[in-house]
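Everything on this sheet refers to the single structure shown next.
The values are calculated or read from the model by the stated rules, or taken from the named source; none is laboratory data. No experiment lies behind these values; they were computed from the predicted model shown. We place every Cβ from the backbone using ideal geometry, glycine too, and count neighbours over all the protein chains shown. Each accessible area value is taken on the protein alone, full model and side chains, heavy atoms only, with ligands, DNA and RNA left out. Shrake-Rupley method; radii C 1.70, N 1.55, O 1.52, S 1.80 Å.
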Amino acid sequence: MSVDPAPDPTLSRLSAALGDLPKRGLPPVERWDPPYCGAIDIRIAADGTWHHNGSPIRRDKLVKLFASILRREPDGRTVLVTPVESVGITVEDAAFVAVEMAVDGTGADRRLSFRTNVDDLVSVDAEHALRFEEGPDGALKPYLHVRRGLWARVTRALTYDLVDLAEERLVDGRPWLGLWAGGTFHTIAPVAAA
């Protein structure tokens, strides 16, 4: 007899906030191998807004449908993929935006979960890591791995919340600023020597 693992309280809180949306699994795009049919004029802006032919796509259901068939190819292209065709799109920064965060616990036992702009619910763990980059303006830009090599940029407001959780820790003998989530210490930046 198998026992289901305990539910993740952070995901439960975010899921409850979504209400009674239909819960369907994602299409198995990783198993599909259709021919590449070229690029189309769809762009995901840095703020997460989807555009077609230069105009924002205003139908949330259509955006969520497109998001469900996104895949990152080994050559770095982002494509919309169906069983019969694959088409390239433009992604300015990240495919998704992490817009809400739930925190449970502290230190090494901390759980962090996020909701994206297309209502994906993602808990930080070994498969869904956080990474931190420095933007061209020197600002901290955190990203969350969502699925299939696709990442969500964490909003500026949530970035401040993440920094509030940060602590200093030795990593390979060097002091780093980072935070615990999902049993892993996610490094943000090395601590400069005084």
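For residue 11, the conditions (1) in a helix (DSSP H, G or I); (2) farther than 24 Å from residue 133 by Cβ; (3) modelled with pLDDT of 90 or more; (4) open to solvent by less than 70 Å² (accessible area, probe 1.4 Å) all hold with the exception of (3). Taking the range 39-116 as the region of interest, the strands (runs of 3 or more DSSP E) fully inside it that hold 3 or more residues being closer than 30 Å to residue 187 by Cα are 70-72, 96-104, 111-116. Scanning the range 72-86 for residues that are over 18 Å from the mean Cα position of the chain (by Cα) and acidic (Asp, Glu), we see that the one that is least open to solvent (accessible area, probe 1.4 Å) is 85. Identify the residue in the range 122-133 that is part of a loop (DSSP other than H, G, I, E, B) and hydrophobic (A, V, I, L, M, F, W, C) and, among all such residues, is surrounded by the most Cβ atoms within 10 Å (Cβ to Cβ). The selected residue is 124.
Table: residues versus (1) in the same structural domain as residue 106 (by the TED database); (2) of a type outside the set (S, T, N, Q); (3) in a strand (DSSP E or B).
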residue	(1), (2), (3)
137	yes, yes, no
142	yes, yes, yes
151	yes, yes, yes
159	yes, no, no
162	yes, yes, no
168	yes, yes, yes
178	yes, yes, yes
185	yes, yes, yes
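For residue 119, the test of being of a type outside the set (Lys, Arg), under 20 Å from residue 69 (Cβ atoms) and either part of a loop (DSSP other than H, G, I, E, B) or open to solvent by 40 Å² or more (accessible area, probe 1.4 Å) (or both) is passed. Per the conditions (1) surrounded by 16 or more Cβ atoms within 10 Å (Cβ to Cβ); (2) touching a helix residue (DSSP H, G or I) at 6+ places or on another chain (Cβ under 7 Å), the sole criterion not satisfied by residue 89 is (2). Among residues of the range 134-168 being open to solvent by 60 Å² or more (accessible area, probe 1.4 Å) and either among the hydroxyl-bearing types (Ser, Thr, Tyr) or touching a Pro at 6+ places or on another chain (Cβ under 8 Å) (or both), the one that is farthest from residue 187 (Cα to Cα) is 160.
Residues in the range 46-61 that are over 26 Å from residue 132 (Cα atoms) and either surrounded by 18 or more Cβ atoms within 10 Å (Cβ to Cβ) or in contact with a strand residue (DSSP E or B) (Cβ under 8 Å, 6 or more places away or on another chain) (or both): 51, 52, 53, 54, 56, 57. With respect to residue 22, determine if the residue is open to solvent by 30 Å² or more (accessible area, probe 1.4 Å), modelled with pLDDT under 90 and part of a loop (DSSP other than H, G, I, E, B). Answer is yes for this residue.
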